[in-house]
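Asker: Okay, handing you the structure first.
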Amino acid sequence: MRARLGRECLYVPSCRLGMYLALRHWVKPGGRVLMAPVNDDVIFFVVLAAGLKPVMAPVHHEDGSIDMAAIPDATWEGLSAVLTVNIYGNPDPVMELRSRCHLMGIPLIEDCAHAIGTTVGGRLVGTFGEASTYSLGKHLGARTGGILAIADPAQRRTLEAARDELLAPGNLLSELAYGIRPYAESAVRGLRLTSLAWAVVRLLGMEERGPDIRMPLRAARLVEALNHAPSLLPFNDWVKVDMHDYRMRPGKLRLGRTEGMLAELDTLLNAYREGTAKLLESRWAIRRPGPVQPLFQVPLLVEDREGTRNLLHRNRINTGYLYDPPLDVYAAAFTEHSRTPEAAEWFGRHAMPADPLKADRILKVLDRAGVAPAPPFSPRQVTRHPLSTGRKVRRPSSRTLTTEAFSTFPEPPAAPEPLSTPTDISGSPGYREQSTMQLRAADLVPEDHTVQIRTPAAPGPFPGEPRA
Ligand SMILES: Cc1ncc(COP(=O)(O)O)c(C=O)c1O
């Protein structure tokens with residue numbers, strides 16, 4: 001990856017851990033971070049764990065990328081960083097965002113989990129900002145590992161030390177399970193038991209996300225965890241979803257297999273590009289100008305997304321990576337809302353992610369069933385999500401969260417609170433990061449369901465923490 005990106009790269013057990021490291025290193029706790037609401041919820045919780053306030057950016061309805069022109073001046077004021085997500089591999093307007101960040105003197109952090117082969121102006125995304133993170137579990141399918149790439153090689157040692165402090169010890173059982181998993185999976189596929197396997201997983205309650213696309217928010221517990229931010233472990237229950245070994249020290253098997261897969265990346269990206277081109281030619285896609293990218297998923301815009309998803313499942317085509325509802329609807333109290341949320345809601349509702357490697361099968365199924373494309377987007381005609389308040393969005397001003405009517409993100413307290421003893425609720429031998437936040441249990445579930453949250457009073461003892 002270093003040769004590919006021309007940047008210093010650090011191996012991390014997962015993209016989410018790399019993102020946590022990057023945010024802690026470059027953004028002072030308490031800061032506001034601009035990001036798209038059409039995004040993975042795990043990354044949202046990583047932002048919260050880093051003690052930051054997610055500020056929702058307006059997006060384009062065609063592909064969920066950040067709509068630069070629609071960001072109000074007021075949103076830019078006081079931002080501490082911009083986090084691009086390049087959802088499904090479609091690039092955010094990274095050049096414009098970089099110029100703006102440069103002008104404001106704030107870092108640009110790029111999440112390239114879906115965009116390992118995406119280019120802008122002939123240059124790979126992930127090479128524009130201060131740092132970028134990659135997931136080796138996406139295009140590559142390694143089911144483990146990530147890369148944190150950095151612009152300034154001098155930061156490597158500090159980040160490496162911070163990573164090592166967060167690593168949990170590896171264990172033989174998990175390494176063994178990792179080793180045999182591909183064989184077990186191909187046996188299940190060979191016996192055409194995939195649907196049955198999923199049904200059993202659901203029956204046993206092993207599916208962490210439940211029946212919804214988003215994981216359960218558990219708002220009251222999230223409020224509790226926020227009192228420990230910045231710190232990763234209090235957020236473990238959210239951050240670990242879909243990947244419990246996200247901070248496990250990798251064994252030789254994992255590293256060896258991943259290296260082998262990385263050697264084939266270009267061949268794989270060509271296959272993704274080919275499949276993307278086919279899907280983009282279909283009547284369910286909106287093709288934006290520029291060269292075809294090797295998208296991780298192609299968002300097909302269909303009228304009935306759930307019906308289409310069921311249809312694909314019935315035809316043994318698994319789907320995933322849906323982001324509905326947008327984060328400012330899903331976790332309204334914990335975000336600064338976008339002032340123009342309609343495109344994000346529309347995209348979340350109509351985008352059916354299609355795996356380019358299964359392009360032919362998917363197109364055949366959709367064609368045969370006569371699946372209807374999404375109606376044209378019109379902001380006035382978007383029916384708001386049942387969870388959304390329907391109200392015009394307010395700027396956050398309150399310091400109070402209510403567990404019943406979440407609507408604003410808490411402001412920092414006027415005066416810093418005295419520090420309590422460091423909190424370590426992990427019980428994990430590999431965990432040494434400490435939080436300096438004060439937890440007041442009595443504040444958590446008071447009788448009127450009103451919760452006072454303290455934003456970080458002082459940065460935690462995190463290696464490389466900005467001190468200014
Ligand atoms: C957009 C996005 N970013 C980051 C991640 C996290 O990647 P990893 O599973 O490697 O931690 C995901 C995971 O699905 C994702 O969809």
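Asker: Could you list R16, R257 so that the one with the fewest beta carbons within 10 Å of its beta carbon is first and the one with the most is last?
Answerer: R257, R16
Asker: When a footprinting reagent is the concern and you count Cβ atoms within 10 Å, what order do Y11, Y330 take, fewest first?
Answerer: Ranked by crowding around the Cβ, least crowded first: Y11, Y330.
Asker: Answer with one residue from Q381, W284, L366: the one whose Cα lies farthest towards the positive end of the charge dipole of segment 265-381, charges on Cβ with Lys, Arg +1 and Asp, Glu -1.
Answerer: The Cα lying farthest towards the positive end belongs to L366.
Asker: Rg to Rh ratio, segment 265-381, alpha-carbon atoms and Kirkwood radius?
Answerer: We get a ratio of 1.00 for segment 265-381.
Asker: As a footprinting exposure proxy, order V292, V329 by other Cβ within 10 Å, with the fewest listed first. Please list the in-between numbers first.
Answerer: Numbers: V292 17, V329 23.
By the 10 Å Cβ count, ascending, the order reads V292, V329.
Asker: Remind me, relative contact order of segment 265-381 in percent, using alpha carbon pairs under 8 angstrom and six or more residues apart?
Answerer: 37 percent
Asker: For segment 265-381, with only Lys/Arg (+1) and Asp/Glu (-1) charged at the beta-carbon, what is the dipole magnitude about the Cα centre, in debye rounded to 20?
Answerer: 380 debye
Asker: Roughly how compact is segment 31-135, stated as its Cα Rg over 2.2 N^0.38 Å to two decimals?
Answerer: 0.96
Asker: What does the extension gain come out to for T158 and S378, with contour length at 0.36 nm per residue minus their alpha carbon separation?
Answerer: Gain on extension, T158 to S378, equals 74.4 nm.
Asker: I've got another one for you. What full-extension length gain, to one decimal in nm, is calculated for E208 and R273 as 0.36 nm per residue of separation minus the Cα-Cα distance?
Answerer: 20.3 nm
Asker: In addition: Which value in nm describes the separation of the simple spin-label points at T119 and A263, placed 7 Å from the Cα toward the beta carbon?
Answerer: Modelled inter-label distance: 2.5 nm.
Rule-based calculations on the coordinates, nothing more; no lab input. Please read all numbers here as calculations on a predicted model, not as lab measurements. Because the Cβ atoms are built from the backbone with ideal geometry, glycine has one as well, and the counts that use them run over all protein chains shown.
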